[in-house]
1. Given 289, 163, 227, which one lies farthest toward the positive end of the charge dipole of the chain, if we put +1 on the Cβ of every Lys and Arg and -1 on the Cβ of every Asp and Glu?
2. How large is the convex hull of the C-alpha atoms of the chain per residue, in Å³?
3. Between the stretch 69-100 and the stretch 1-60, what is the separation of their alpha carbon centroids in Å?
4. Determine which lysines satisfy two conditions relative to residue 204: a Cα distance under 19 Å, and not lying fewer than 8 residues away in the same chain.
5. If you count the DSSP beta bridges with both ends in the chain, what percent of them are antiparallel, to the nearest 5?
6. Quick one: of 138/184; 297/330; 303/344; 132/344, which pairs are farther than 22 Å apart, Cα to Cα?
7. Over the chain, calculate the relative contact order: mean separation of alpha carbon pairs under 8 Å at least 6 apart, over the residue count, as a percent.
8. Quick check: residue separation of residue 213 and residue 164 times 0.36 nm, minus the Cα distance between them. What number comes out in nm?
Amino acid sequence: MDFIPYGKQSIDEDDIKSVVEVLKSDFLTTGSKVQEFEKALCEYTGAKYCVCVSNGTAALHLASLTLLKENDEVLTTPNSFLATSNTILYAKAKPIFVDICEDGNIDLDLCEKEIQKNPNIKAIYAVHFSGKVVNQEKLKHLKEKYNIKILEDCAHSLGGSFGNIKAASCTNSDVSILSFHPVKHITTGEGGAITTNDKELYEKLLLLRNHGMKANPNIAPWYYDMLELGFNYRLTDISCSLGISQLKKIGSFLEKRKELVKRYENAFRDMEYIQSLYDYDKESAYHLFVVKINFEKLKMNKKDFVLKMREKSIGLQYHYIPINKQPFYKNLDYGDEKTPNMDKYYEHSISLPLYPSLSFEEQDYVIKNIKEIL
Ligand SMILES: Cc1ncc(COP(=O)(O)O)c(C=O)c1O
């Protein structure tokens, strides 16, 4: 059996054709494919505006620069990829790590308590962990009652929803971000996007993406002014063309992910020591399939389990090592927050392979080995 990773892209001939077409065209970057991809993302998510950027971290960086001021305090989750809180620091603001709920998402009730205690809290960065969209009624309540800024990190949740509210629609947030890294729902190689319904914010994001430059045709057709300290965070036409082609298939990608999740759940139903992170949820975009394993009862260590699976050519992954416990954050005096749910979750949780091109045969091989090792 070839190595089975926990996540992987699904590329077909149409995707390859779409990239080759751009390679043969006049514009490899800053051509028409960027706006076409942005329009398609707006149509899919329901957000009014979209700005594509070079990766999800760049999306978070620009969103943070538009939302936050120096020394603002921001509630966020320890259960995410590093970039979610790193980009709060990029904006010279301060992340505050809040414990998680059973489903791996930030505990918004705890967030409310923190906001009531601390007037410096200006924003919440909520990640839809694994694809499960955070409770939108609670988000709405916090936004309306405390006039707080909200960023939804939708890197895991393109195609997910909460009732009829779609991920990245920004129904109850100021901005949402997406990532198109190869393990995500759709890929552009590297890539990301920011969605918003706020025109002013959108215009600022466009400036920041491109060095803070604005064309000034009043002076000359080629003239430009620099209005902000921006970056080169542009996404190429090559990438956007791949993104357009991938987005057309997101429906079937999501279906396959859900089918695989159901097969995992059926396989583990009668096993005492393993259970999925949350009951099957048709609204989750299932970027990850996380299981909780009772390693204490099995007298087994999580790392040894992962190593044994690796010997069988199966890649599992930790989602996530708590961000606040990373050496860099410990040097900034983080790490001692009271996060009992995160601590417990981290001891037990592991992500199994899940991606549209994972065959049932490969999945059965994963299941067989998990059962044998446990
Ligand atoms: C929750 C979350 N946020 C942000 C990012 C950053 O995205 P990118 O890798 O495209 O920079 C990731 C990527 O792994 C992620 O999982």
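The values are calculated or read from the model by the stated rules, or taken from the named source; none is laboratory data. Quick caveat: nothing in here was measured; it's all calculated off a predicted structure. All Cβ positions, even for glycine, are placed from backbone atoms using ideal geometry, and neighbour counts span all protein chains on display. Ligands, DNA and RNA are stripped out before the accessible areas are found, and what is left, the full protein with its side chains, is counted by its heavy atoms. Shrake-Rupley method; radii C 1.70, N 1.55, O 1.52, S 1.80 Å.
1. 289
2. Working: hull volume 53.1 nm³, N = 374.
For the chain, the hull spanned by Cα atoms encloses 142 Å³ per residue.
3. 27
4. 39, 48, 69, 92, 149, 214
5. Working: 26 of 42 bridges.
Bridges in the chain are about 60 percent antiparallel.
6. Values: 138/184 26 Å; 297/330 31 Å; 303/344 15 Å; 132/344 19 Å.
Long pairs (Cα-Cα over 22 Å): 138/184; 297/330.
7. On the way: 770 pairs, mean separation 85.8, N = 374.
That works out to 23 percent.
8. Values: separation 49, 0.36 × 49 = 17.64 nm, distance 3.80 nm.
That pair, residue 213 and residue 164, stretches by 13.8 nm at full extension.
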